[in-house]
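No lab work stands behind these numbers, since they all come straight from the coordinates. Here the structure is a predicted model, which means the values were calculated and not measured. With ideal geometry, Cβ positions are generated from the backbone for all residues, glycine too; neighbour counts draw on all protein chains shown.
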Amino acid sequence: MVTQQDVLQNHDVEALSESNNIDLTDDKLENGSKGQLIKVAGQLRDRRNDLNQMASERASARDDLNAKTREKVDEAQDHRENRDELNEQVQEHKESRNELNAEANELFDEVEQMKEDLELDDGKNIEELEDEIEQLEFRQQTEVLSTEDERELIEKIEDKRDELREKKEKVEDSGELEALIEEAEEVRSEASKHHQKVTELADEAQEHHNQMIEAYREADDIRDEADEMHELFVEAQEAADRHHEDFVRVQKRLRELDKQEEEERKDEREEEREAAKEEAEEIYQKFKEGETLDTEDLMKLQKTGLL
């Protein structure tokens, strides 16, 4: 995609070409005619004005790019602040999670110890015993067994029922254990909630980090464009300054020529006055000698003040 900056830069490459500049040599300055110098002065003035306009456009474009750079840097800073704030929250939730997990571990250790004390871990648990009794009773009801096998099966069922009853009695006598298990599970659940927040906040912090990196990258790219535009501004301004200096030199030379012409005209007028004075003196001498003067002679005498 061609940007406005690309258009301006391409325009500058052509407009800043040396072929468009006005060359003023010392010989042209010193020996050129007044008419030639007046023409050169006009060319220098026009080229200077064009270059100044170009420099102004480049400065404006550069300033716009610098403003965009600052906007991107500010955007990156906002993402940095959000990331850091989220990371602080992540750390807080991590600490809470770790504290709660440690507390839950201690509670579950107490649960295990209490189970050992109550011998609840010996043999099968209540659910397993109930399943086995159900399977044995189903076998008794559905299979054709010998008297001996059926008696053994009934004894086995009774033994399992006795074991189940003993287990249930122990559990019923261990209400404290159930409360401890519930408390441990609640603490572990609370720790899991903090862990979930850690994950969510860490993902959000990472997203802000990625956006910060992207904003800084864009700021660097725009800053590079601004630097290039500044170089074009400097080139145009320096060229404009050179043309202005040459314009001033030509103007000074023209004033010198004007002064020389004025001096020459002054000398000519002085010579004309001297010649008129000499002629008038000759006419006056003739007048004193009695010669008749015509009107033109009389006017020359009046003009020089001899009459």
On a straight-distance basis, which aspartates and glutamates could pair with residue 300 in a cross-link, Cα separation under 18 angstrom, same-chain partners fewer than 8 positions away excluded?
270, 271, 272, 274, 278, 279, 281, 282, 289, 291
Only Cα pairs within less than 10 Å get springs; with that Gaussian network setup on the chain, which residue of 69, 199, 142 has the largest fluctuation?
142
Please state, rounded to one decimal and in Å, the Kirkwood hydrodynamic radius that region 122-173 gives when every pair of distinct Cα atoms enters the mean of 1/r.
11.7
Could you pull out the pairs from 168/193; 115/193; 160/193 whose alpha carbons sit more than 32 Å apart here?
168/193; 160/193
Taking the chain and dividing mean pair separation by its residue count, relative contact order in percent (alpha carbons under 8 Å, at least six apart):
38
Among 265-276, 209-220, the order from most to least packed when residues are scored by Cβ within 10 Å on average:
209-220, 265-276
Can you give the calculated 222 nm mean residue ellipticity of the chain, where each DSSP H run of n ≥ 4 adds -39,500 (n - 2.57) and the sum is split over every residue, rounded to the nearest 500 deg cm²/dmol?
-32500 deg cm²/dmol
